[in-house]
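What follows is a single structure, written as structure tokens, with notes after it.
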Amino acid sequence: MSVEACAGLVARGDPDRFAAVMAAPVAARARLFPLYAFNLEVARAPWVAKEPMIAEMRLQWWRDVVAEPTPRAHEVAAPLHDLIRAVNLPLDVLDRLVEARRWDIYRDAFADQAAMDAYLEDTAAGLMWLAARSLGAPDRAEVAIRGYGWAAGLAAFLRAVPELEARGRVPLLNGRADGVRALAQRGLDGLAQARDHRSTVPRAATAALLAGWQAEGLLTQAVKDPAAVAEGQLGLSEFSRRGRLLWQTLSGRW
């Protein structure tokens, strides 16, 4: 039950976030790995069993982990609790992150665009805000960080569309080219709006935003070629991935 165990889980299950953490300062890694391992365990919970009731129970287990004052004997729960106590992470944000994943259990489409927006807000944006808070981001930075996290979450969601469809889900309310293009453009607009508040985010907290280093490139690609989403072709070249991460790491700009 250690940060090293959390790092191993993230390395195997979420290689993009693992790369982002390894690009962060060493001191930040001990705070980011437990959060990202927690997110990975929660994201997996709806998919580990065919029975919805079992998936519901797994998500409830993680909600209980967050709510209980004493950590359970689990390789992620203990480091997560240590982090919660050390930096006073908001439990309501953690709880909403888990609760939002109930959508992944079932095959229903989002009720409307507002429902999809809320899903991204509680998952991707919430996670990025938690990560930044763990690195000392003040309350005034929440708008910028959540906006950036929402856009990054949308980019990742668009990349996952073919897999979600293969698993019987209906990820997009409008999967036609015009719908995908409009959605991706909203993501780019969200990035621009978040950057308008860039000055509110201290340099120490920008390591949390490294996880979104591919967002602008992916969203731009989806606007230019919306068919790439359905065809599973949304993705950056290895050269572009490495270059973007290196630039964001060295510059601190996002």
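The values are calculated or read from the model by the stated rules, or taken from the named source; none is laboratory data. A quick note: this is a predicted structure, and the numbers were derived from the prediction, not measured. Virtual Cβ from ideal backbone geometry, glycine too; neighbours counted across all protein chains shown.
Summed over segment 85-134, residues that are under 18 Å from the mean Cα position of the chain (by Cα) and either β-branched (Val, Ile, Thr) or within 21 Å of Asp64 (Cβ to Cβ) (or both) total 22. Cβ separations smaller than 7 Å between residues 6+ apart or across chains give the following pairs from segment 83-100 residues that are farther than 15 Å from Leu40 by Cα and without any contact (Cβ under 8 Å) to a residue 60 or more places away in the chain to residues that are surrounded by fewer than 19 Cβ atoms within 10 Å (Cβ to Cβ) and not aromatic (Phe, Trp, Tyr): Leu91/Ala67.
Residue pairs whose Cβ atoms lie under 9 Å apart, sitting 6 or more positions apart in sequence or on different chains, and linking a residue in segment 9-36 that is over 18 Å from Val87 (Cα atoms) to a partner that is part of a helix (DSSP H, G or I) and among the acidic types (Asp, Glu), are Leu9/Glu41; Gly13/Glu41.
Of all residues in segment 224-243, those satisfying the criterion of being surrounded by 17 or more Cβ atoms within 10 Å (Cβ to Cβ) and touching a residue at least 24 places away in the same chain (Cβ under 8 Å) are Pro226, Val229, Ala230, Leu234.
Only one entry of Asp108, Asp92 meets the criterion of being farther than 19 Å from Leu173 by Cα and loosely packed, with under 15 Cβ neighbours inside 10 Å, and that entry is Asp92.
Is segment 38-54 home to any residue that is crowded, with 21+ Cβ neighbours inside 10 Å, of a type in the set (A, V, I, L, M, F, W, C) and over 16 Å from the mean Cα position of the chain (by Cα)? Within segment 38-54, none of the residues are crowded, with 21+ Cβ neighbours inside 10 Å, of a type in the set (A, V, I, L, M, F, W, C) and over 16 Å from the mean Cα position of the chain (by Cα).
The residues listed here are Pro34, Pro25, Pro15; of these, the one that is buried (at least 18 other Cβ atoms within 10 Å of the Cβ) and either β-branched (Val, Ile, Thr) or within 30 Å of Ala215 (Cα to Cα) (or both) is Pro34.
Of the helices (runs of 4 or more DSSP H) lying entirely inside segment 1-108, those containing at least 2 residues that are among the acidic types (Asp, Glu) and not assigned by TED's automatic domain parsing to the domain that holds Trp129 span 52-67, 91-100. All told, Leu164 meets the bar of being in a helix (DSSP H, G or I), aliphatic (A, V, I, L, M) and either over 21 Å from Leu80 (Cβ atoms) or modelled with pLDDT under 95 (or both). Does segment 166-177 include one or more residues that are basic (Lys, Arg), under 30 Å from Val48 (Cβ atoms) and surrounded by fewer than 16 Cβ atoms within 10 Å (Cβ to Cβ)? Looking through segment 166-177, at least one residue is basic (Lys, Arg), under 30 Å from Val48 (Cβ atoms) and surrounded by fewer than 16 Cβ atoms within 10 Å (Cβ to Cβ). The single condition among (1) out of contact with any Lys or Arg (no Cβ under 8 Å at 6 or more places or on another chain); (2) within 26 Å of Arg244 (Cβ to Cβ) that Arg72 does not satisfy is (2).
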